[in-house]
Amino acid sequence: MTTDHRTTIASAVRAAVEEPAFTTALHGDPVDRIDYLVHLARTGSVSIARLVEAHLDAVLILDEAGLAPQADALYGVWASRGGVERHDGRLSGPKPFCSGLGVVDRALVSGTDPGGGPQLLLDVAVDAQQDGVEHVHGPWATDALADTATGTCRFLAHPVDTVVGEPGWYLSRPGFWSGALRPAACWAGAALGLVDDAVAMGEDAGPHRLAHIGALHAAGEAMTAVLHRAAQHRGGPGQLEALAARHTVERQAAEVLDRIGRAFGPRPYVGDAAFAQRAADLHLYLRQDHAEGDLEAVGRAVVATAGR
């Protein structure tokens, strides 16, 4: 991705977060935020929705910590596993899978102090013009989610502006599992965009294709319902509610990808660039789910609850 293209993506993300709909979602209830992200990913670029979701997440995390985002800054949340450490107020080490390299101005970066210990969350400037910040964009061997500008950020004695919360706070805070639902809302929105395409292609469809379209619609209804139910959980969803909802969305979205190919064959993949991009984006995005790792946690929670 060229610098000019990253600038274009940044402009699109900035335009989205300056829309009244973003402000309404930010200050609304958890279901409002789910519906906003579903709509964003359903009707527009899945990559842009991914970056807007991260900015929304960062603003909500800062608010939960009693902090405010820096004015006019686009944020990411870079919390993948990586060897980032804080030494004397400065950050060093590589952080992989950073979305928004060259797009966002700042990020909430997870790291540790030397020797490990509880995870830290650090608010830092991440523009490549900053001293001690290097963006590594390659290799990204697929066009799927390429517009998220995901790569590795290498820090070398880069200043930390703010420590967000106490050590270990990021993973233990009350809003963590609500935050885990929001990427799933983007998965659902991306899948529902494909469902909309299927309905639009269904004119004069025969009975077999209509059966697939009916199943696709039902999958969309299931995704929306499970996200709403989890978001409405009293006091916010816990691990069990959030992971069960994410798994349900992942399975239903995978069903959408499977059925739409069986219903329409290769034609939309080779003849409709927007359809093909959305399908590829969704397929990769779903792999953000932790699969059997999360299901094990769900199973443990269910068994523990049943034994009370």
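The values are calculated or read from the model by the stated rules, or taken from the named source; none is laboratory data. Keep in mind that what you see is a predicted model, and the values were worked out from it rather than measured. Cβ sites come from the backbone with ideal geometry, for glycine too, and all protein chains shown count toward neighbours. The protein model used for the area step is the full one, side chains on, heavy atoms only, and it has no ligands, DNA or RNA in it. Shrake-Rupley method; radii C 1.70, N 1.55, O 1.52, S 1.80 Å.
Tabulated values for the structure
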quantity: Potential extension, residue 156-residue 18 segment - 0.36 nm per residue separation minus Cα distance; calculated: 46.4 nm
quantity: Cα gyration tensor category, rounded, prolate or oblate, for the range 26-185 with a/c compared to 1.5; calculated: oblate
quantity: Residues with amide H under 5 Å from that of residue 78, placed H, sequence gap 5 or more; calculated: 108, 109, 110
quantity: Formal net charge of residues neighbouring residue 297 (Cβ-Cβ distance under 15 Å; K, R +1; D, E -1); calculated: -4
quantity: Pair residue 166, residue 7: separation of 7 Å Cα→Cβ label points (nm); calculated: 4.6
quantity: Relative contact order [Cα under 8 Å, 6+ residues apart], the chain, whole percent; calculated: 18
quantity: Part-to-part distance (alpha-carbon centres) for the range 22-42 and the range 125-165, which is given in Å; calculated: 27
quantity: Charge sum, other residues only, whose C-beta stays under 11 Å from residue 61's C-beta, Lys/Arg counted +1 and Asp/Glu -1; calculated: -3
quantity: 0 to 90° range, to nearest 10: angle between helix 3-17 axis and the chain longest Cα axis; calculated: 80
quantity: For the chain, average projected area of the Cα convex hull in nm²; calculated: 17.4
quantity: In sequence order, calculated HN-Hα J values of the range 246-252 (Karplus, 6.51, -1.76, 1.60; Hz; x Gly/Pro); calculated: 4, 5, 4, 5, 4, 5, 5
quantity: Using alpha-carbon coordinates, inclination of helix 292-306 to the longest axis of the chain, degrees; calculated: 90
quantity: Tail beyond 19 Å, pair distance distribution of the range 111-187 (Cα, percent); calculated: 57
quantity: The range 1-159 - accessible surface per residue (Å², probe 1.4 Å); calculated: 45
quantity: Residue-count net charge about residue 94 - beta-carbon cut-off 14 Å; Lys, Arg +1, Asp, Glu -1; calculated: +1
quantity: Karplus (6.51, -1.76, 1.60) ³J(HN,Hα), θ = phi - 60°, over the range 100-106, in Hz, Gly and Pro reported as x; calculated: x, 4, x, 10, 8, 8, 9
quantity: At 0.692 mPa s and 37 °C, Stokes diffusion of the range 173-269 via Kirkwood alpha-carbon radius, µm² per second; calculated: 234
quantity: Among 222, 279, 184, residue whose mean-square fluctuation peaks in a GNM of the chain (springs only between Cα atoms under 10 Å); calculated: 222
quantity: Backbone HN-Hα couplings from phi across the range 176-192 [Karplus 6.51/-1.76/1.60, Hz, Gly and Pro as x]; calculated: 4, 6, 4, x, 5, 6, 5, x, 5, 5, 5, 4, 4, x, 4, 5, 5
quantity: Antiparallel DSSP beta bridges within the range 9-112, as percent of all bridges there, nearest 5; calculated: 40
quantity: Simple spin-label estimate for residue 129 and residue 63 in nanometres, 7 Å along Cα-Cβ; calculated: 3.0
quantity: Peptides ranked, highest mean first, by Cβ atoms within 10 Å: ranges 201-213, 32-44; calculated: 32-44, 201-213
quantity: Listed peptides 244-253, 110-119 by packing density, highest first (mean Cβ within 10 Å); calculated: 244-253, 110-119
quantity: Average accessible surface area per residue within the range 219-275, 1.4 Å rolling probe, Å²; calculated: 51
quantity: Highest to lowest packing among 76-86, 16-26, scored as the average C-beta count within 10 Å; calculated: 76-86, 16-26
quantity: Percent accessible area from carbon and sulfur atoms, the range 1-106, protein chains only, probe 1.4 Å; calculated: 51
quantity: Potential extension, residue 239-residue 208 segment - 0.36 nm per residue separation minus Cα distance; calculated: 7.3 nm
quantity: Gaussian network model of the chain, springs between alpha carbon atoms under 10 Å - residue of 216, 122, 295 with greatest fluctuation; calculated: 295
quantity: Nearest-ten-degree value, helix 207-231 long axis tilted from longest Cα axis of the chain; calculated: 30
quantity: Extension gain (nm, one decimal) between residue 276 and residue 218, 0.36 nm per residue minus Cα-Cα; calculated: 18.7 nm
